[in-house]
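Participant: First, the structure itself, so that you have it in front of you.
The values are calculated or read from the model by the stated rules, or taken from the named source; none is laboratory data. Computed from a predicted model, the values in this text were never measured in an experiment. Cβ sites come from the backbone with ideal geometry, for glycine too, and all protein chains shown count toward neighbours.
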Amino acid sequence: MLNKYSVINSLKKKNKTLMICNNKFTGEKVMIKIYKQGFEANCENERKVLSHIKSKRAPKLIEAIEDHINIISYVEGETLDQLIRKNIFGKDYALEITRQICMTLEEINLDYKHDIVHCDLKPSHIILNQGKAYIIDFENAVMGGDDPIYSNYGTIGYAAPEQYGLDSISHETDIYAIGVMLYEMIATDKNTYSDFSIDQNNYITLDLKSIVRNCTEHKKCNRYDNVSSLINDIKLVNNFWKQTC
Ligand SMILES: Nc1ncnc2c1ncn2[C@@H]1O[C@H](COP(=O)(O)OP(=O)(O)O)[C@@H](O)[C@H]1O
Ligand SMILES: [Mg+2]
């Protein structure tokens with residue numbers, strides 16, 4: 001089944017092997033994810049979630065093979081991780097990318113009656129192409145009503161407190177990670193986000209600090225309720241700059 005693909009590149013990860021491939025017959029570029037034994041639940045979860053997503057800003061599940069192989073469409077572009085390392089972000093661009101990530105999350109949730117919470121948003125899971133943000137890696141995503149497959153998941157530094165069992169998972173969980181990513185785009189020290197680093201950072205204007213804070217409050221109830229409120233605040237900050245500059 002895999003012999004219709006030619007391998008361009010492959011990468012071994014802790015729980016899987018990733019292979020960027022070309023379909024020899026159609027020329028389509030795909031990502032083949034071969035999960036190691038013991039990680040079939042991740043494979044199954046990614047399949048289930050991707051099969052509910054209609055948005056063009058997330059990869060498509062092309063084929064599911066046995067219980068451990070997913071063939072997924074390849075998303076062209078640069079990861080946010082690569083862009084952050086290039087240090088190219090001014091305020092405007094950082095806010096625009098944040099707005100794009102919010103719109104992608106909104107679009108992903110458009111066709112599904114329950115919430116899809118990604119639960120592992122971080123710069124290496126955001127791909128930027130022609131100004132649009134694509135979200136990848138739905139292995140850990142939680143669909144409304146489901147219990148997460150792990151008690152401790154996500155990535156340290158981006159995972160919200162509730163991912164350590166302090167509260168339930170909901171939209172606000174992804175908003176926490178969006179706040180951390182915004183901080184990483186605009187912080188000059190490039191330290192991972194913490195309450196301490198944002199307070200000490202004199203380069204970040206108060207309006208941006210307030211957005212990051214409203215995303216990353218420890219208690220979910222103190223964060224933005226949904227991505228639309230965050231988009232609104234981004235618009236307010238942008239309008240204010242336009243009027244004052
Ligand atoms: N569908 C895809 N399209 C393009 N690049 C991808 C795709 N899936 C994964 N990648 C690339 O591979 C990297 C690792 O993939 P990911 O699924 O996040 O594995 P892991 O979580 O184990 O690191 C991503 O950061 C991205 O650069
Ligand atoms: Mg990943």
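Participant: Say whether the condition of being out of contact with any strand residue (DSSP E or B) (no Cβ under 9 Å at 6 or more places or on another chain) and within 17 Å of H68 (Cα to Cα) is met by at least one residue in segment 15-32. Working first, answer last.
Facilitator: Of all residues in segment 15-32, those out of contact with any strand residue (DSSP E or B) (no Cβ under 9 Å at 6 or more places or on another chain) come to 25-27.
Those still in the list that are within 17 Å of H68 (Cα to Cα) too: none.
No, segment 15-32 contains no residue that is out of contact with any strand residue (DSSP E or B) (no Cβ under 9 Å at 6 or more places or on another chain) and within 17 Å of H68 (Cα to Cα).
Participant: Where the second residue is outside any loop (DSSP other than H, G, I, E, B) and of a type in the set (K, R) and the first is closer than 14 Å to A141 by Cβ and lies in segment 55-74, which pairs have Cβ atoms under 8 Å and are six or more apart or on separate chains?
Facilitator: What qualifies is L61/R47; N70/K33; N70/R47; I72/K33.
Participant: Then there's this: Exactly one of (1) closer than 30 Å to D233 by Cβ; (2) touching a His at 6+ places or on another chain (Cβ under 6 Å) is unmet by E40. Its number?
Facilitator: Just one mismatch for E40, condition (1).
Participant: Can you tell which of L11, L83, L95 is without any contact (Cβ under 8 Å) to a residue 12 or more places away in the chain and either assigned by TED's automatic domain parsing to the domain that holds M143 or surrounded by fewer than 16 Cβ atoms within 10 Å (Cβ to Cβ) (or both)? Quick ask: steps written out before the conclusion?
Facilitator: Details: L83 fails: without any contact (Cβ under 8 Å) to a residue 12 or more places away in the chain; L95 fails: without any contact (Cβ under 8 Å) to a residue 12 or more places away in the chain.
Result: L11 is the single residue among L11, L83, L95 that is without any contact (Cβ under 8 Å) to a residue 12 or more places away in the chain and either assigned by TED's automatic domain parsing to the domain that holds M143 or surrounded by fewer than 16 Cβ atoms within 10 Å (Cβ to Cβ) (or both).
Participant: Take E63 and tell me if it is of a type outside the set (S, T, Y) and away from ligand 1 (no atom under 11 Å from the Cβ). Please lay out each step first, then the result.
Facilitator: On the way: of a type outside the set (S, T, Y): yes; away from ligand 1 (no atom under 11 Å from the Cβ): yes.
Against the criterion (of a type outside the set (S, T, Y) and away from ligand 1 (no atom under 11 Å from the Cβ)), E63 qualifies.
Participant: Among the residues of segment 157-196 satisfying the criterion of being among the small types (G, A, S), farther than 19 Å from V227 by Cβ and in contact with a helix residue (DSSP H, G or I) (Cβ under 8 Å, 6 or more places away or on another chain), which is surrounded by the most Cβ atoms within 10 Å (Cβ to Cβ)?
Facilitator: A187
Participant: Here is a further query. Hey, does segment 84-93 have a residue that's away from ligand 2 (no atom under 16 Å from the Cβ) and either in contact with a Leu (Cβ under 7 Å, 6 or more places away or on another chain) or hydroxyl-bearing (S, T, Y) (or both)?
Facilitator: There is at least one residue in segment 84-93 that is away from ligand 2 (no atom under 16 Å from the Cβ) and either in contact with a Leu (Cβ under 7 Å, 6 or more places away or on another chain) or hydroxyl-bearing (S, T, Y) (or both).
Participant: Among what's in segment 16-37 and is more than 12 Å from ligand 1 (Cβ to nearest atom) and part of a strand (DSSP E or B), pick the residue that is surrounded by the most Cβ atoms within 10 Å (Cβ to Cβ).
Facilitator: N22
Participant: Only one residue in I97, I62 is closer than 16 Å to I32 by Cβ and not charged (D, E, K, R), so which one is that? Working first, answer last.
Facilitator: Working: I97 fails: closer than 16 Å to I32 by Cβ.
Only one candidate qualifies: I62.
Participant: Just wondering, is there one or more residues in segment 73-82 that are more than 30 Å from T188 (Cα to Cα) and of a type in the set (G, A, S)?
Facilitator: Just the residues of segment 73-82 that are more than 30 Å from T188 (Cα to Cα), to begin with: 73-74.
With the extra rule that they be of a type in the set (G, A, S), the set shrinks to 73.
Scanning segment 73-82, I find at least one residue that is more than 30 Å from T188 (Cα to Cα) and of a type in the set (G, A, S), so the answer is yes.
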